[in-house]
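Here the structure is laid out as structure tokens; the discussion comes afterwards.
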Amino acid sequence: MFLRKSGKLYCFLPLTGLFDADKVQNLTKTEQNLDKTEISSNSEETGWDRLKKMFEVDEFGNVTNEAQSILHVGALSIFIGAIYGGVINSRHAYMEFMRSNEATSFKNHLDAKRKLQDAVTISFGKGAFKWGWRLTLFTTSFVAISTMIQVYKGSYGISEYTIAGTTTGALYKFNMGPRGWIVGGALGGVLGTVCGGVTCGILKLAGISMEEARYWQKNWKQTRVDYWNKGVREYMDKEDFAVIKLHDDEVGEQGKHINMLNVVENKTKETDTSNKTKETDTSK
């Protein structure tokens, strides 16, 4: 009676609180300090504006966090798929070679090992290609579709995972006709819903939002870049390159601030002018 009076029918009561569990609310200090280029609930931006911004590249050639996540998933999936497919196929090739060459006479043991190695290597490459592109297509499509829906909505929930799983499953079985589309879409939708529920549940138990998770992911990447730059600076200081030493002698501490470059340039021009004046006086 209560559900009828409220005008709503909840089929999965345990999941009702998870759909909006990780919406961006900017409650913590971390969320309030987020980069403005990330997903936000700005009322002036439309879904298409946020979607276009997702694929933009800044002046340093860096992609957005959302696009970076998709690239990471693609690279990781092709690596895992290649290793898995290669190991499975190479093992099968090894067993098949041993079974089909029990009575084969080889020139010597080195010839047998070489042919076995050739068969295993070729099978590894075939298996890596077969499983690599399939796993990459499935996982990258799933993550890309769900991320783009999240960017368009400006919020996070389980529904985008369900849609992404259904679409990816149907595309994966596209060559099997309408029946394959239905089966693949249904199975993909179930797996996507489970994945979305687990993701939202973990975020809720951890007490963070997806926005905050992306923020810390960006900070981790920036920390790695800073560590690399620090190592490069230490190496350059150790080697004491002539160009850098000359720059430090000519510019000094003022060159570390971009606002002081004009001052340094003016001083350089004044010095050059005075030197030319002295040379003219000397020649006279």
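The values are calculated or read from the model by the stated rules, or taken from the named source; none is laboratory data. Note that the coordinates shown come from a computational prediction; the quantities given were computed from them, not determined experimentally. FYI the Cβ positions are ideal-geometry reconstructions off the backbone, even for glycines, and counts take in every protein chain you see.
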Here the residues within the range 153-164 that are within 19 Å of the chain's Cα centre (by Cα) and farther than 18 Å from E212 by Cα are E160, Y161, A164
K173 passes all but one of (1) among the basic types (K, R); (2) in contact (Cβ under 8 Å) with a residue 40 or more places away in the chain; (3) surrounded by 17 or more Cβ atoms within 10 Å (Cβ to Cβ); which number fails?
(2)
Applying the selection to the range 145-190, what residues are in contact with a Lys or Arg (Cβ under 7 Å, 6 or more places away or on another chain) and outside any helix (DSSP H, G or I)?
G154, S155, Y156
Does the range 128-143 contain any residue that is out of contact with any Leu (no Cβ under 9 Å at 6 or more places or on another chain) and outside any helix (DSSP H, G or I)?
no
In the set F106, F124, which member is among the aromatic types (F, W, Y) and crowded, with 19+ Cβ neighbours inside 10 Å?
F124
Looking at the structure I just gave you, is R179 exposed (fewer than 15 other Cβ atoms within 10 Å of the Cβ), farther than 24 Å from G157 by Cα and assigned by TED's automatic domain parsing to the domain that holds Q150?
yes
